Amino acid sequence: MKLRGYWIAIPWALFVAAALGWIFYWNYLASEAERRIHAWAFEQNAGGATVEVDNVVRHGFPVLLRLELQGLSYTSARSGWSAETARADLSVDVLNPRHVIVESKAPLAITRAGGATTNVSADALIASLRTENGALAVAGIEADNLVLDDPAEEGVLHAVKVVANVRPDRRADGEYQLAFDAQTVTLPRPVRSFETFGLDVARMRAAIVITDGALLLQSSPGDPLRVWREGGGRLRFDALELNWGPLQTTGTGEGGLDEQRRLDGRLVLPVERPAPVLTAIANGPRIDGDARRALSLLAAGYVVTGNDITLDIGAHDGVLSIEDLPVRPLPPLY
């Protein structure tokens, strides 16, 4: 009878041991996550930035691990921008602690160096990060019903769905792959030179390679992209799909910024029905008179022939051009 009692007790003992082990492991992960948050904040503050977290509350035991970060704010050390939110939740995969997810639980306010503020809200706004051997494996952000509102500017930007992911490009050291997809976008105001395209963008998708991407982590006061720009950083559009007004196309291109922080690059966009596109551009309120007449003649020719076209849009030396026709000057991007 005693031997039989031992056999009955063993499974219970193993269960209790496993339960105690899991409790220890969960609390260890929670403590380690909190320690990393405070260590990161200390490191940022020591480097000149300002990080504040009013309170950290643990949730999710025993299956999940979620840290509620209350009163979260960050001010950059050099570029002068800041962000703050009343609450964000950080979730850790208990079976893979290298994978963390941050979900904004309150509107986010982002203030740029010049003092302009953009208020960000969404039904769901989630960012994720996964590392391998201490290096980035993949990071992403996903938003449902995203709204960007700049109180100092007219209109708000709204997107039903936005997904973006970035990962190292295994084909070349120092380069990163960025995948971007935005669906049912309403622009806050007309885009200069493309006013007649309207405010509704049905979809925009892009597969982008960021060259010298590591330099983006190095900013300078008043010019957050200077190090990347002077280091030769560029964006290569391996694929760009755009469904906007009269334009439905999938093209390629590359671009960056010149010394005066103006757009510099080229997009090549195959267009099956070029006449409506060229006509819409020609009817824009800011198009130069000579460019208007030339674009109208091109559009009329394509109405007659019905041919398609590969639309060449360039930005060089501070001038935007379409099919080598100067359209307008380009101001600094920021």
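Here His316 sits with roughly 90 square angstrom of accessible surface, probe radius 1.4 Å.
Under 5 Å between amide hydrogens, built in the peptide plane, is the criterion, and for Leu330 it picks out Val319, Leu320 among residues at least 5 positions away or on other chains. Expressed as a whole percent, the accessible surface of the stretch 140-295 that belongs to carbon and sulfur atoms is 53, based on a 1.4 Å probe. Filter the chymotrypsin sites (Phe, Trp or Tyr not before Pro) in the stretch 190-250 to those in DSSP coil with at most 11 other Cβ atoms within 10 Å of their Cβ, and list the result. Sites meeting the loop and neighbour criteria: none at all. Phi angles across the stretch 100-106 convert, under the Karplus curve 6.51 cos²θ - 1.76 cosθ + 1.60 with θ = phi - 60°, into 3J(HN,Hα) values of 10, 10, 10, 10, 6, 9, 8 Hz, Gly and Pro given as x.
Which option, (i) -0.37, -0.83, -1.26; (ii) -0.43, -0.92, -1.27; (iii) -0.52, -1.01, -1.43, is the value of log10 I(q)/I(0) by the Debye sum over Cα atoms at q = 0.08, 0.12, 0.15 Å⁻¹ that was calculated from these coordinates? Comparing each candidate, only (iii) matches the computed number. The mean sequence separation of alpha-carbon pairs under 8 Å and at least six residues apart, normalised by the residue count of the stretch 23-150, gives a relative contact order of 15 percent.
Here the spin labels are modelled as points 7 Å beyond Cα on the Cα-Cβ line, and at Lys161 and Val191 they lie 2.1 nm apart. When all alpha carbon pairs of the stretch 23-150 are counted in 10 Å bins from zero, the resulting P(r) reads 12, 37, 39, 10, 1 %. Here the calculated FRET efficiency for Asp181 and Arg293, from their Cβ-Cβ distance with R0 = 30 Å, stands at 0.20, rounded to the nearest 0.05. When the chain is treated as a Gaussian network with alpha carbon springs shorter than 10 Å, the biggest mean-square fluctuation among Ala291, Ala127, Ala18 belongs to Ala18.
In the chain, the longest principal axis of the Cα atoms and the axis of helix 289-305 are about 90 degrees apart.
Relative contact order of the chain: 8 percent, from C-alpha pairs under 8 Å at least 6 residues apart in sequence.
Compute the long axis of helix 2-46 from its Cα atoms, compare it with the longest principal axis of the Cα atoms of the chain, and write down the angle in degrees, 0 to 90, nearest 10. Taking the Cα atoms of the chain, the angle to 2-46 is about 40 degrees. Counting only protein heavy atoms and a 1.4 Å probe, the chain has 58 square angstrom of accessible area per residue.
The values are calculated or read from the model by the stated rules, or taken from the named source; none is laboratory data. Predicted model only: the values in this text are computed from it and were never measured. Here Cβ is always computed from backbone atoms with ideal geometry, including for glycine, and neighbour counts include all displayed protein chains. To get the accessible areas, we keep the full protein, side chains included, count just its heavy atoms, and leave off ligands, DNA and RNA. Shrake-Rupley method; radii C 1.70, N 1.55, O 1.52, S 1.80 Å.
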